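Participant: Sharing a structure here in structure tokens format.
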Amino acid sequence: MKVMHLTSSRFFGGPERQMLGLAEALQPEAETVFASFSEGGLNKDFLAKVHEAGFVSCSLERDTPKLLAAKKEVAALIKQHDVNLLLCHGYKAVTVGWFAARKVGIPVIAVSRGWTAENWKIRIYERLDRFMLRKMERVVCVSHGQADRVKRAGVRPERIEVIHNAIDMNRFSAPDPACREKLVRRFPPSVRSHIRFLVGAAGRLSPEKGFDILVEAARTVIQHHPDVGFLLFGEGALRESLQSQIDQASLKDHFQLAGYTDELDQLMPCLDLFVQSSYTEGLPNVLLEATAAGTPIVATQVGGTPEVVQPGEACLLLEPGCSRQLADCIQQIKTKSDNETLPTITADQLQEKFSFSTQREAYLKMFRSMLGNGHNL
């Protein structure tokens with residue numbers, strides 16, 4: 001059988017990694033084809049990765065505002081590649097994909113990762129997404145937290161499947177000690193020799209990530225622990241305002257906006273703590289990565305985060321929006337790690353729930369229920 005992923009990719013990030021990992025795990029039971037809206041050519045990074053992995057990749061010629069024409073293009077691709085199931089990621093893919101799948105008569109599935117309400121335009125798109133999810137034959141939610149939100153949006157419970165994001169543990173099997181020095185060198189020469197404890201964060205620089213709260217917390221932490229350095233990986237609309245906040249708080253030596261990196265796999269094991277300060281999440285891939293890397297975590301208990309992070313000596317959960325509590329949690333982990341090695345989740349525990357083999361079986365079970373016994377699964 002053949003499965004098509006329809007998405008709107010602007011770079012190779014967490015969702016794209018999940019799609020590609022699933023495609024590799026489904027072999028040989030299912031072949032996978034990828035189609036992406038062009039996004040002004042920004043989809044090239046993702047489709048290049050798809051091609052490298054040996055899968056068929058298609059860049060759609062039609063994009064916003066020509067979505068009716070895109071519907072016909074997607075339908076033609078489904079026929080051309082003899083696709084049996086269509087998986088849609090994001091409001092644009094969900095909307096166009098539903099019409100295209102109906103046109104050719106195949107089942108359609110939406111994958112719901114979360115909503116950000118980042119700005120008024122995004123809120124309109126997400127409202128459209130909620131409406132279209134009600135029409136889907138299945139909606140895969142990446143966490144139970146997201147499933148609850150999808151139910152509240154009006155999707156019938158029997159159409160909802162919870163299938164967690166997955167992580168490839170092999171990506172973290174051989175950390176490079178030289179990466180620690182690479183991280184430290186991101187700080188000005190005047191403070192490098194004093195940095196003893198590295199705190200990392202990563203994500204799109206947008207309001208829902210709560211990075212302004214992290215900067216506020218960092219000011220408190222540095223006052224008591226000047227040997228701490230903060231690194232925030234990512235790009236986005238709030239870069240200038242966050243840099244201004246950092247400068248005004250006199251943190252420019254200790255808090256670095258490190259930009260986007262595709263080396264987070266190598267860098268994560270060299271951090272002393274990973275922080276997630278979000279107001280909303282689906283199921284954060286970066287927390288799976290931090291857990292796999294054995295890095296202690298401080299995170300807000302939103303969305304699917306509590307399904308990944310189990311509170312303990314090396315992992316703390318808190319409510320979003322409180323810089324004082326975030327600073328206290330960072331300092332608590334820092335003080336403990338100064339005196340002892342903190343235990344983290346084992347690889348076996350992570351593999352049992354968040355492996356691609358577990359994800360694969362869940363998807364195959366869903367495919368069987370949708371297609372019946374007429375396909376060789």
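The values are calculated or read from the model by the stated rules, or taken from the named source; none is laboratory data. Model, not experiment: these values are computed from the prediction. Every residue, glycine among them, receives a Cβ derived from its backbone with ideal geometry; neighbour counts consider all protein chains shown.
Participant: Among the residues of the range 349-371, are any closer than 30 Å to GLN243 by Cα, modelled with pLDDT of 90 or more and either part of a loop (DSSP other than H, G, I, E, B) or among the hydrophobic types (A, V, I, L, M, F, W, C) (or both)? Give the derivation first.
Facilitator: Keep residues of the range 349-371 that are closer than 30 Å to GLN243 by Cα, which gives none.
No: zero hits.
Participant: Quickly run through the range 261-293 and pick out the residues that are outside any helix (DSSP H, G or I) and more than 13 Å from the chain's Cα centre (by Cα).
Facilitator: First, the residues of the range 261-293 that are outside any helix (DSSP H, G or I): 261-263, 271-284, 293.
Result: THR261, ASP262, GLU263, LEU271, ASP272, LEU273, PHE274, VAL275, SER277, TYR279, ALA293.
Participant: Go through the range 73-172 and tell me which helices (runs of 4 or more DSSP H), entirely inside it, have 3 or more residues that are under 29 Å from LEU238 (Cα atoms), small (Gly, Ala, Ser) and modelled with pLDDT of 95 or more.
Facilitator: Once the helices (runs of 4 or more DSSP H) in the range 73-172 are filtered for at least 3 residues that are under 29 Å from LEU238 (Cα atoms), small (Gly, Ala, Ser) and modelled with pLDDT of 95 or more, nothing remains.
Participant: Still on this model: Quick test for you: out of LYS209, LYS182, pick the one residue that is surrounded by fewer than 17 Cβ atoms within 10 Å (Cβ to Cβ) and either free of Cβ contacts under 8 Å to residues at least 40 places away in the same chain or of a type outside the set (S, T, N, Q) (or both).
Facilitator: Matching residue, one of LYS209, LYS182: LYS182.
Participant: Could you list, in sequence order, the residues of the range 323-344 that are modelled with pLDDT under 90 and surrounded by fewer than 19 Cβ atoms within 10 Å (Cβ to Cβ)?
Facilitator: Once the filter is applied, which keeps residues that are modelled with pLDDT under 90 and surrounded by fewer than 19 Cβ atoms within 10 Å (Cβ to Cβ), the range 323-344 yields LYS336, SER337, ASP338, ASN339, GLU340, THR341, LEU342, PRO343.
Participant: Report, by residue number, each residue of the range 267-289 that is of a type in the set (A, V, I, L, M, F, W, C) and in contact (Cβ under 8 Å) with a residue 40 or more places away in the chain.
Facilitator: LEU267, MET268, CYS270, LEU271, LEU273, PHE274, VAL275, LEU283, VAL286, LEU288
Participant: May I pose another question? Looking at the range 23-54, which of its residues are under 21 Å from ALA101 (Cα atoms) and not in a loop (DSSP other than H, G, I, E, B)?
Facilitator: ALA23, GLU31, THR32, VAL33, PHE34, ALA35, SER36
Participant: Applying the selection to the range 233-255, what residues are in contact with a Ser or Thr (Cβ under 7 Å, 6 or more places away or on another chain) and loosely packed, with under 14 Cβ neighbours inside 10 Å?
Facilitator: Across the range 233-255, the qualifying residue is only ALA237.
Participant: Looking at the range 79-99, which of the residues that are of a type in the set (S, T, N, Q) and in contact (Cβ under 8 Å) with a residue 24 or more places away in the chain is surrounded by the most Cβ atoms within 10 Å (Cβ to Cβ)?
Facilitator: For the range 79-99, the residue satisfying everything is THR95.
Participant: Residue under question is GLU181, and the condition is that it be modelled with pLDDT under 95, among the acidic types (Asp, Glu) and not in a loop (DSSP other than H, G, I, E, B); does it hold?
Facilitator: Working: modelled with pLDDT under 95: yes; among the acidic types (Asp, Glu): yes; not in a loop (DSSP other than H, G, I, E, B): yes.
For GLU181, the condition - modelled with pLDDT under 95, among the acidic types (Asp, Glu) and not in a loop (DSSP other than H, G, I, E, B) - is met.
Participant: Right, another one. Could you give me the residue pairs with C-beta distances under 7 Å whose first residue belongs to the range 238-260 and is within 23 Å of HIS194 (Cα to Cα), whose second residue is of a type in the set (Ser, Thr, Tyr) wherever it lies, and which are 6+ apart or on separate chains?
Facilitator: If the second residue must be of a type in the set (Ser, Thr, Tyr), the pairs left are ASP253/SER190.
Participant: Which residue is farthest from the chain's Cα centre (by Cα), if the candidates are limited to the range 46-63 and must be surrounded by fewer than 16 Cβ atoms within 10 Å (Cβ to Cβ) and charged (D, E, K, R)?
Facilitator: Ranking the qualifying residues of the range 46-63, first place goes to GLU61.
Participant: Looking only at the range 206-234, count every residue that is at pLDDT 95 or above, under 20 Å from the mean Cα position of the chain (by Cα) and not in a helix (DSSP H, G or I) and tell me the total.
Facilitator: Looking only at that region, the number is 4.
Participant: Looking at PRO311, PRO320, which one is assigned to a loop (DSSP other than H, G, I, E, B), at pLDDT 95 or above and not assigned by TED's automatic domain parsing to the domain that holds VAL140?
Facilitator: After ruling out the rest, the residue left standing is PRO320.
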